[in-house]
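Read through the structure below, which is laid out as structure tokens, and then see the notes.
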Amino acid sequence: MEWKDIGEFGFIERIKAGTLVRPETVIKGIGDDCAVVRSASDRVTLLTTDMLVGGVHFQLKDMPPYKLGRKSIAVNLSDIAAMGGTPQEALISIAIPDTVPVEALDAIYEGMKSMTREFGVNLLGGDTTASRQHLVINAVLVGEAREEEVLYRSGAEPGDVIFLTGPVGASAAGLDCLLAGRSFAGRDALLDAHFDPYPHVRAGRIIAGLRAAHAMVDISDGLAGDLGHICAESRVGAVIEEARIPTTDLFRAYCERFGVDALRLAIHVGEDYVLLATAPAKAAAALGKALQEGGCAFHRIGEIVHEPGIRLRARDGTTREIEPAGWNHFTEGSGAGETEPEPIET
């Protein structure tokens, strides 16, 4: 089917079904100049937005449209999780080149709806426009939280335990596998870690609800880069232990099989979308127990210190300073390796 057969408004009608999962909070959804929702008076509103650009964040020829739709929501859900909030509503703006068939857009929106259903988020509309080259998806997500439970990057204190809510590196290994064109027994699982990350919203709510943590961020730019954000905003430093950084068996097998630098992938690439948080040492046991009882993970990887900078204690006991750097779109170029628009496969 071609775009000329349905037009913009026909497409809006086509995707409208199944967008509301909490209709009781919605006064007006898709179909007007603004969506209108009811809000609770004892909550603060959380607002976040992320953009996925073809040729920068994904290759149209490699990423399944359904999973692209899921990821476009997941990266925003992870931001809400990092603040300890509950996601509520989403708006999607999309710029579509004529090389993308309607059926592929159907799959992208089905992916979006599958992710919003899992997390109780209403999809309230957005905007559609044409693109001269690449597919562009921009999502805005609205969440809520009790003001006293919101966690920022700026609260870490010396003596805090640094912990993760899941393993890191698998997404980076998936991207590495894709770009290198490698065959591997676990290739599909590694690609899924990159294409279809699962945001740790439940873990974020557990951590925030206990009101014990001091700072939190999601791992989007890499462990070192995102820990660097906490250290810079909190005016502290950190020591992390290489032996404590959680990774999966599949990740380690991939790195060993192809001689890939596992430490670099685990700490400097990102897109794992697990949570990195700090909390007083005396609260660590309670946090770990609550997370595990809630079906989440707790991995203690280091400590916040007074001295600025991030230091890595290697497995042999030596310590060295590492750059608090992860992925940077303005200095590293396109990670997707795509220079020309390509038709997306359905």
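The values are calculated or read from the model by the stated rules, or taken from the named source; none is laboratory data. Remember, predicted model here, so these are calculated numbers, not experimental data. Virtual Cβ from ideal backbone geometry, glycine too; neighbours counted across all protein chains shown.
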Q) Could you count how many residues in the range 154-174 are surrounded by fewer than 21 Cβ atoms within 10 Å (Cβ to Cβ) and either in contact with a His (Cβ under 6 Å, 6 or more places away or on another chain) or aliphatic (A, V, I, L, M) (or both)? A) 3
Q | Residues located in the range 57-91, provided they are acidic (Asp, Glu) and assigned to a helix (DSSP H, G or I) | A | 79
(Q) Return the residues of the range 105-133 that are surrounded by fewer than 21 Cβ atoms within 10 Å (Cβ to Cβ) and over 21 Å from the mean Cα position of the chain (by Cα); say none if nothing qualifies. (A) 106, 127, 128, 129, 130, 131, 132, 133
**Q.** One residue from 61, 67 being at pLDDT 90 or above and not β-branched (Val, Ile, Thr)
**A.** 67
Q. How do the pairs read when you match residues in the range 311-335 that are under 22 Å from residue 173 (Cα atoms) and aromatic (Phe, Trp, Tyr) with residues anywhere that are at pLDDT 70 or above and assigned to a loop (DSSP other than H, G, I, E, B), using Cβ under 7 Å and keeping only pairs 6 or more apart or on different chains?
A. 327/221; 327/222; 327/269; 327/270
Q.
Condition (residue is hydrophobic (A, V, I, L, M, F, W, C), touching a Gly at 6+ places or on another chain (Cβ under 9 Å) and at pLDDT below 75) applied to the range 81-92: is it met by at least one residue?
A. no
Q. For the range 240-263, what are the residues that are touching a Lys or Arg at 6+ places or on another chain (Cβ under 8 Å) and under 14 Å from residue 187 (Cβ atoms)?
A. 258
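If a residue has to be out of contact with any strand residue (DSSP E or B) (no Cβ under 6 Å at 6 or more places or on another chain) and outside any loop (DSSP other than H, G, I, E, B) to count, how many in the range 156-171 make the cut?
Selection size over the range 156-171: 2.
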Q.
Exactly one of these conditions fails for residue 302: (1) modelled with pLDDT under 95; (2) more than 20 Å from the chain's Cα centre (by Cα). Give me its number.
A. (1)
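Does the range 240-283 hold any residues that are in a strand (DSSP E or B) and closer than 28 Å to residue 85 by Cα, and which are they?
Answer for the range 240-283, where residues must be in a strand (DSSP E or B) and closer than 28 Å to residue 85 by Cα: 240, 275, 276, 277, 278, 279.
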Q. Residues of the range 94-119 being at pLDDT below 95 and not in a helix (DSSP H, G or I), which ones?
A. 94, 95, 96, 97, 98, 99, 100, 101
Q: Could you give me the residue pairs with C-beta distances under 9 Å whose first residue belongs to the range 211-239 and is closer than 22 Å to residue 314 by Cβ, whose second residue is of a type in the set (Phe, Trp, Tyr) wherever it lies, and which are 6+ apart or on separate chains?
A: 219/273; 222/327; 225/327
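When you check residue 293 against the structure, is it more than 25 Å from residue 58 (Cβ to Cβ), touching a strand residue (DSSP E or B) at 6+ places or on another chain (Cβ under 6 Å) and surrounded by fewer than 22 Cβ atoms within 10 Å (Cβ to Cβ), yes or no? Working first, answer last.
Numbers: more than 25 Å from residue 58 (Cβ to Cβ): yes; touching a strand residue (DSSP E or B) at 6+ places or on another chain (Cβ under 6 Å): no; surrounded by fewer than 22 Cβ atoms within 10 Å (Cβ to Cβ): yes.
Taking the combined requirement at face value, the residue does not satisfy it.
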Q: Scan the range 126-137 and report the pairs whose first residue is touching a residue at least 12 places away in the same chain (Cβ under 8 Å) and whose second residue is small (Gly, Ala, Ser) and outside any loop (DSSP other than H, G, I, E, B), with Cβ atoms within less than 6 Å and a gap of 6+ or a chain change.
A: 126/93; 127/93; 129/95; 131/95; 134/54; 135/54; 136/95; 137/72
(Q) Any residue at all in the range 310-325 that's part of a loop (DSSP other than H, G, I, E, B), at pLDDT below 90 and not acidic (Asp, Glu)? (A) yes
